[in-house]
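Enquirer: Could you have a look at this structure, given as structure tokens, before my questions?
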Amino acid sequence: MQLTHRPVISATGLFTPSESISNDELVASFNAYVDQHNERNAAAIEAGDVEALSHSSVEFIEKASGIKARHVMSKEPVLNPDTMSPRWQERTNDELSMMAEIGLIAAKQTLKRAGRDASDVDAVLCAASNMERPYPAMAIEIQQALGIDGFGFDMNVACSSATFGIQTAADYVRAGNAKSVLVVSPEITSGHLNWRDRDSHFIFGDVATAVLVEDAAIAPAQHWDILSTKLKTVFSNNIRNNFGFLNRAAPENAEGADKLFVQEGRKVFKEVVPMVAQMIIDEAEKLQMDPTTLRRLWLHQANAGMNRLIAQRVLGHEANDDESPTVLDTYGNTSSAGSIIAFHLNSDDLSGGDTGLICSFGAGYSAGTVFVRKVA
Ligand code: CO8
């Protein structure tokens, strides 16, 4: 009789929207908007009543962030200087919601890769940065669409939602409350990004990922042992979104910047890098593991410079793309899905016994580490 339950990652899945925006396209549209704004407000700018806007630049974006393109669910209205935000048909209550739809694609792919029937899954967690609605939970909608007899709920820990979801799922397994839990992260970040803000218009992209966390006793032969999970939060206003039903914007200000993503990017960079690097090193020490022996780091994909610094502190040398793969260049920052995309696309080549780290960090501040070892 098995007395302990060991959580493992059985499989992962990824949905990538078909449309993508290059930096050239993004900057051309932003600069057209800036020119329009400055022309329309020429007299007020001249009088000092309105501030003139400045052009964005492809060179700055690539140098400051490492981002070259991002996928989106609705490209044309984002690039249209008159709208500069995504638009979609409102769905009826009988239709699948957008987050459930893309989460479901990633979830089905995950179950297929694990050779798992949905009826064997006990729970669904929808772990993402911003929910499409407060209730009913997107997780329950996905649960229903998959035909799972169990439970589901939504959880939001911004960029760390997926790792917090993995620990929650792992804890259910450890406690014997579930044997198979799907953690789904549909990130439609384009809806809460301010595409008119020069400082941040280039940062985010849309995607959905899924992770199947299971008891080792039922896992497929090829899986990843979860060696440890560790979570941390420290309050900060440096990444913030004030959208909510207690502070709805006036209709004429429906896309008001204060209800969209805002950040102090420099402060985030300076404060989060040391916090996360130390957290990884401390957790490795608890596991009696030399962090420099980690075969691969699948880090949160927010900024190439941040990842370079964190990887260097953990591995003791500048990491190459094999040691710390980047998906930021083509996906942009996909919030909680970033480290899972990196893992999904860059883990098949590792050998049995190799150890690695999935790590997230972002708003809250929040950070999560998941140390894993491949079992092949
Ligand atoms: N084009 C040209 N120049 C620009 C642009 C632009 N687009 N933007 C800014 N500049 C200029 C500035 O005006 C400034 O000029 P000056 O020196 O004359 O004042 C200069 O460039 C430098 O600006 P910054 O100091 O802002 O630039 P940085 O080098 O710091 O780079 C970054 C900015 C890329 C934002 C960088 O600070 C960064 O990546 N920081 C980390 C950010 C981060 O990791 N954030 C986490 C967010 S993820 C999260 O948790 C949110 C979850 C919710 C998801 C929400 C989805 C929408």
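Enquirer: Note down all Cβ pairs under 7 Å where the first residue falls in region 40-63 and is over 17 Å from N303 (Cα atoms), the second is near the ligand (Cβ under 8 Å from one of its atoms) and open to solvent by 60 Å² or more (accessible area, probe 1.4 Å), and they're at least six residues apart or on different chains.
Expert: Short answer, once both residue conditions are applied: S54/R198; S56/R198.
Enquirer: Scan region 327-343 for residues that are closer than 16 Å to D206 by Cβ, away from the ligand (no atom under 12 Å from the Cβ) and buried (at least 22 other Cβ atoms within 10 Å of the Cβ) and jot them down.
Expert: V327, Y331, I340, I341
Enquirer: Take region 178-221 and flag every residue that is open to solvent by 10 Å² or more (accessible area, probe 1.4 Å) and either over 29 Å from G265 (Cβ atoms) or away from the ligand (no atom under 16 Å from the Cβ) (or both).
Expert: Result: K179, A216, A217, I218, A219, P220, A221.
Enquirer: Could you please find all residues in region 222-249 being more than 16 Å from the ligand (Cβ to nearest atom) and within 30 Å of K112 (Cα to Cα)?
Expert: Once the filter is applied, which keeps residues that are more than 16 Å from the ligand (Cβ to nearest atom) and within 30 Å of K112 (Cα to Cα), region 222-249 yields Q222, H223, W224, D225, I226, L227, S228, T229, K230.
Enquirer: Is there a residue being within 28 Å of L79 (Cα to Cα), in contact (Cβ under 8 Å) with a residue 60 or more places away in the chain and open to solvent by 20 Å² or more (accessible area, probe 1.4 Å) anywhere in region 222-232?
Expert: No, region 222-232 has no match at all.
Enquirer: Checking A175 against (1) modelled with pLDDT of 95 or more; (2) surrounded by fewer than 16 Cβ atoms within 10 Å (Cβ to Cβ); (3) over 19 Å from the mean Cα position of the chain (by Cα); (4) within 16 Å of the ligand (Cβ to nearest atom), which test does it fail?
Expert: Failed condition: (4).
Enquirer: How many residues, within region 344-359, are more than 10 Å from W224 (Cβ to Cβ) and either modelled with pLDDT under 95 or among the acidic types (D, E) (or both)?
Expert: Here the count works out to 2.
Enquirer: Restricting to region 354-366, what's the tally of residues that are of a type outside the set (S, T, Y) and more than 10 Å from the ligand (Cβ to nearest atom)?
Expert: Our first condition is that a residue be of a type outside the set (S, T, Y); within region 354-366, this holds for 354, 356-359, 361-364.
From the residues that got through so far, the ones that are more than 10 Å from the ligand (Cβ to nearest atom) too are 354, 356-359.
Counting residues in region 354-366 that are of a type outside the set (S, T, Y) and more than 10 Å from the ligand (Cβ to nearest atom) gives 5.
Enquirer: Continuing with this model, one more query. Can you name the residue in region 63-80 that is under 21 Å from the mean Cα position of the chain (by Cα), under 20 Å from A28 (Cβ atoms) and near the ligand (Cβ under 10 Å from one of its atoms) and, of all such residues, is surrounded by the most Cβ atoms within 10 Å (Cβ to Cβ)?
Expert: Looking at the filtered set, the residue picked out is I67.
Enquirer: Go through (1) open to solvent by 70 Å² or more (accessible area, probe 1.4 Å); (2) over 25 Å from the mean Cα position of the chain (by Cα) one by one and return the number of the condition F60 breaks.
Expert: Tallying (1) open to solvent by 70 Å² or more (accessible area, probe 1.4 Å); (2) over 25 Å from the mean Cα position of the chain (by Cα), F60 fails exactly one: (2).
Enquirer: Sticking with this structure for a sec: Determine whether G352 is open to solvent by 20 Å² or more (accessible area, probe 1.4 Å) and within 19 Å of F164 (Cβ to Cβ).
Expert: Taking the combined requirement at face value, the residue does not satisfy it.
To keep it simple, each residue is scored yes or no on (1) outside any helix (DSSP H, G or I); (2) out of contact with any Gly (no Cβ under 7 Å at 6 or more places or on another chain); (3) without any contact (Cβ under 8 Å) to a residue 24 or more places away in the chain.
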{"position": "S119", "(1), (2), (3)": "no, no, no"}
{"position": "L125", "(1), (2), (3)": "yes, no, no"}
{"position": "E132", "(1), (2), (3)": "yes, yes, no"}
{"position": "Q144", "(1), (2), (3)": "no, yes, yes"}
{"position": "A162", "(1), (2), (3)": "no, yes, no"}
{"position": "Q167", "(1), (2), (3)": "no, no, no"}
{"position": "Y172", "(1), (2), (3)": "no, yes, no"}
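Enquirer: Quick one: which helices (runs of 4 or more DSSP H) lie wholly within region 21-100 and hold at least 2 residues that are within 24 Å of S335 (Cα to Cα)?
Expert: Because the criterion is at least 2 residues that are within 24 Å of S335 (Cα to Cα), the helices (runs of 4 or more DSSP H) in region 21-100 that meet it are 23-40, 58-65, 75-79.
The values are calculated or read from the model by the stated rules, or taken from the named source; none is laboratory data. These numbers were taken from a predicted model, which means no experiment stands behind them. Methodologically, a virtual Cβ is constructed for each residue, glycine included, from the backbone with ideal geometry; neighbour enumeration extends over all protein chains shown. The protein model used for the area step is the full one, side chains on, heavy atoms only, and it has no ligands, DNA or RNA in it. Shrake-Rupley method; radii C 1.70, N 1.55, O 1.52, S 1.80 Å.
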